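Below: the structure, in structure tokens.
The values are calculated or read from the model by the stated rules, or taken from the named source; none is laboratory data. Here the structure is a predicted model, which means the values were calculated and not measured. We place every Cβ from the backbone using ideal geometry, glycine too, and count neighbours over all the protein chains shown. Areas reflect the complete protein model, heavy atoms only, side chains present, ligands, DNA and RNA absent. Shrake-Rupley method; radii C 1.70, N 1.55, O 1.52, S 1.80 Å.
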Amino acid sequence: MKKERKLTNPLRYSIANFARPYGDDLLGRTEAYYNWQQSRHRAGLFPYSHALDRAPAPRTRITHADGRTFDGVNFASQDYLSLTSHPAIHEAVRETLREFGPHSAGAAVLNGNTRLSLELERAIGEMLQTEHVLLFPTGWGAGYGAIVGLVREDDHIVMDELAHACLQSGARAATKNIIHFKHLDNDAVAATLADIRSRDITNGIMVITEGLFSMDSDSPDLPRLQEICRQYKATLLVDVAHDLGAVGEGGTGHIGRQGMIGKIDLVMGSFSKTFASNGGFLATHSPAVRQFVKCYGGPHTFSNALSPLQAGVVLTAIRIVRSPEGGRLRADLLAAVNSLRDEFLAHGITCMGSPSPIVPVPVGSEAAARIAAALLFEEKVFANLVEFPAVRVGTARIRVQVMSSHTEEHVSEAVPVIVRCIQRAKDLVVEQDSGLSLPWLNQLAATAQGQHLAG
Ligand SMILES: Cc1ncc(COP(=O)(O)O)c(C=O)c1O
């Protein structure tokens, strides 16, 4: 980024423009980003970092980062089976608190394990039929730790271009030999592995993908991908953060759906989408891999362990997920997802991907998506704005996230509002003088200081 350029138009730019700040003053050079972020904030176009004032239920109360409080219908939380409000989960919290207190009393290797965390490792191993499981304090740490634990600088990483930030960060920390393949393209993986193996038969290759992509709601062909990996002596890592528990028979996600339970080299996941907790895990068939990643995988050893409260919650959540009740909750979730996608279609919008708790509603330009997100707050419908770096520049979207406790009423309340806000936002970008009298628009005009909205 050039020092002299002033990038403050809140409808333009992305964090990509500020990622490589210029100059020798490490602290001072953060200001270009800050000025842009603040101009978005003042214009009401920075819909991040707000705070829930209630549980993440289908109706909730949110305090916006600008201090305004809204009661509205909530499609912005990740609680796919609505387990955060399940009585058994609340009871697990009370019971665990009585027994262990609210601690994280050490890293897992130094007194941070509890009876519950060991039980949780076994429960995950049993669910995935991949018996050696390692817990991490976050899903992010699990993805990062699995990669830096196993991959060294001469090894290769071949990863889906849309793989999550924790996987990208882990890859960058582990090696410079990273090749991104076109999203879900197994033929591209095969060609890349053939090419790598034609010049290097001495180093390892890790192929990285997700069970359910969190921004596009689609999935790779896992049996074929695992077969390709075997053919070229590469190791497959699948991140199941979004699908485990929420889809598939017994909550086994796309691995289960595609008949691959127990057949994937490495599976990592997070407890933060379906299991009502922080935390993550890596599952492997190899006791050696488990011990190795424990030692070299960073966050398992050098960050304090998942607290017993979290372990108790996740254990209870797994029991529910695998029970007939879990099946009913997934059926409710899918019914809400289908009804939402149908309702969007009836309004002329085709949602991206296939039915899952993630329903990406395409917008396109960041300008329109930012305005739409601001309008949604005003209209008391909560759904997340997704823009770069979570998705490519120019493919911004509103990500609707569904819970099993969403009903037809929530769907029919939210969808027309989302459709209307996107349309108004697009119109507004084109017709800068539309005269819309929302408070933030006046601020926007002042902040943008005569810069053009579009382009
Ligand atoms: C695909 C994917 N992997 C990993 C993570 C990290 O999990 P957590 O947020 O629980 O640390 C996330 C969540 O943001 C994710 O979407």
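Taking a sphere under 12 Å around the Cβ of Gln78 and counting the other residues whose Cβ falls inside, with K and R at +1 and D and E at -1, yields a net charge of +1. Packing, as the average of other Cβ atoms within 10 Å across residues, places the peptides 43-49, 165-171, 89-95 in the order 165-171, 43-49, 89-95, highest first. What number comes out for the charge environment of Ala241, summing +1 per Lys or Arg and -1 per Asp or Glu over other residues with Cβ under 10 Å away? Charge balance in the 10 Å sphere: -2. A cut-off of 5 Å between modelled amide H atoms, ignoring neighbours fewer than 5 places along the same chain, links Ile179 with Ile157, Val158, Met159. Surface exposure of the range 381-423, expressed per residue as accessible area with a 1.4 Å probe, stands at 34 Å².
In terms of packing, defined here as the mean over residues of other Cβ atoms within 10 angstrom, the peptides 63-69, 294-300, 252-258 line up highest first as 252-258, 294-300, 63-69.
Rounded to whole numbers, the Karplus 3J(HN,Hα) couplings from phi for the range 104-112 are 10, 8, x, 5, 4, 7, 10, 6, x Hz, using 6.51 cos²θ - 1.76 cosθ + 1.60 with θ = phi - 60°, and x at Gly and Pro. Among the protein heavy atoms of the chain, carbon and sulfur supply 53% of the accessible surface, probe 1.4 Å, non-protein parts ignored. By the gyration tensor of its Cα atoms, with a ≥ b ≥ c the square roots of the eigenvalues, what is the shape of the range 59-134: rounded for a/c under 1.5, prolate for a/b over b/c, or oblate? Cα axes put the range 59-134 in the prolate bin. Here's the list of aspartates and glutamates a cross-link from Lys182 could span, going by alpha-carbon distance under 20 Å and ignoring same-chain residues fewer than 8 apart: Asp160, Glu161, Asp195, Glu210, Asp216, Asp218, Asp221, Glu227, Asp239, Glu387.
Only helices reaching 24 angstrom along their own axis (Cα) with mean Kyte-Doolittle hydropathy no lower than 0.0 count here, and for the DSSP H runs of the chain these are 408-430. Can you classify the range 223-349 as rounded, prolate or oblate using the Cα gyration tensor, where a ≥ b ≥ c are the square roots of its eigenvalues, rounded means a/c under 1.5, and otherwise it's prolate if a/b beats b/c and oblate if not? Taking the square roots of the gyration eigenvalues as a ≥ b ≥ c, the range 223-349 is oblate.
When each of the peptides 14-26, 206-218 is scored by the mean number of other C-beta atoms lying within 10 Å of its residues, the order from highest to lowest reads 206-218, 14-26.
Let me check I've understood the local charge: for Ile320, count other residues with C-beta under 14 angstrom from its C-beta, Lys and Arg +1, Asp and Glu -1. What total comes out? Here the count lands on 0. Among beta bridges identified by DSSP and lying wholly in the chain, the antiparallel ones come to about 60 percent.
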